[in-house]
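Take a look at the structure below.
The values are calculated or read from the model by the stated rules, or taken from the named source; none is laboratory data. Only a predicted model underlies this, so the values are computations on that prediction, with no experimental measurement involved. Using ideal geometry, Cβ is built from the backbone for each residue, glycine included, and neighbour counts are taken over all protein chains shown.
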């Protein structure tokens, strides 16, 4: 079999150690996947944080095992998972300490392994960016660029130039960011790296917008078309179309906050008779409407158990015939007196039944008043 080493030819200790590294790394990877699923699924903050904390501890355990077994590749994979978990928990300080310590240990134990050093330096740049130290991040990106050129790695060189451009853009140096991004884009084109080209083109567009030259941004045409589509989605208050158009706009990178605010202002001006509904729509999609002269909506969660009791008490409800339309309802606006409101839906099938007493009394003001009075007196509305 030449120089290959079969698993059963390895010493028992080495085999067990290798298996421990794989198991620890798989556990950390699985925890990270679950944490990301929690984050995307809109789980409560506590649940997401607990899952990220488990990811951190699993990754730290994998890091220790890999370090003990001198498995550099697994060691760096575990470190990367640990950094991702820390940054998502908004703990960039400890993440930075971890990667700096690991880099120092790696340089001492593997002084000639420049490829591994460069992977850790990338993590250092990521942590510095998360901490807002963009000048420090740019300096590290230059260090990474020299390392990648020494390794004669074109993909690594392009990545270092991209990171340098991003740090300089965040530091408010658009011209330097444009220069670095153009160099990175040239290499990505030579490598036919589509993902790298798209990322760098978006960053280049952002740099031109920051410089005050949006017309020179490569993605400007896409941005203008997306803004026009967003205007139509806003006027129609179409949530699905809004989300699609916003994703397209962000992908272009060639727009400013003023461009977006202009779309919102035009929508609010055009919806003078339906302004309250549009404000509610904008709040639902995460737009802060207070900057446009609107009072923020105050929402209250519907207590389903008490709501059922209120309906029964007021004479409107019997079994599942009435249900809440939304889990939340509008109480009022900031700086305004609170209002009482609720939304219920009545099942149509019951209205068509011959013996449905509710069909006769559904518009009876006494019943409606009874429900509202009982609910408001119990302070459930």
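Quick grid of which residues meet (1) assigned by the TED database to the domain that holds residue 178; (2) under 24 Å from residue 284 (Cβ atoms); (3) crowded, with 16+ Cβ neighbours inside 10 Å:
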{"site": "200", "(1), (2), (3)": "yes, no, yes"}
{"site": "207", "(1), (2), (3)": "yes, no, yes"}
{"site": "231", "(1), (2), (3)": "no, yes, yes"}
{"site": "236", "(1), (2), (3)": "no, yes, no"}
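For the range 74-114, which residues satisfy the criterion of being closer than 30 Å to residue 38 by Cβ, part of a helix (DSSP H, G or I) and without any contact (Cβ under 8 Å) to a residue 12 or more places away in the chain?
94, 97, 101
Each residue in the range 238-268 was checked for being over 16 Å from residue 287 (Cα atoms) and either crowded, with 18+ Cβ neighbours inside 10 Å or in contact (Cβ under 8 Å) with a residue 40 or more places away in the chain (or both), and 5 of them qualify.
Yes or no, residue by residue, for (1) more than 19 Å from residue 216 (Cβ to Cβ); (2) crowded, with 17+ Cβ neighbours inside 10 Å; (3) modelled with pLDDT under 95; (4) not assigned by the TED database to the domain that holds residue 203:
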position: 148; (1), (2), (3), (4): yes, yes, no, no
position: 165; (1), (2), (3), (4): no, yes, no, no
position: 171; (1), (2), (3), (4): yes, yes, no, no
position: 186; (1), (2), (3), (4): no, no, no, no
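Among the residues of the range 269-288, just one is in a helix (DSSP H, G or I), closer than 28 Å to residue 215 by Cα and free of Cβ contacts under 8 Å to residues at least 12 places away in the same chain, namely 269.
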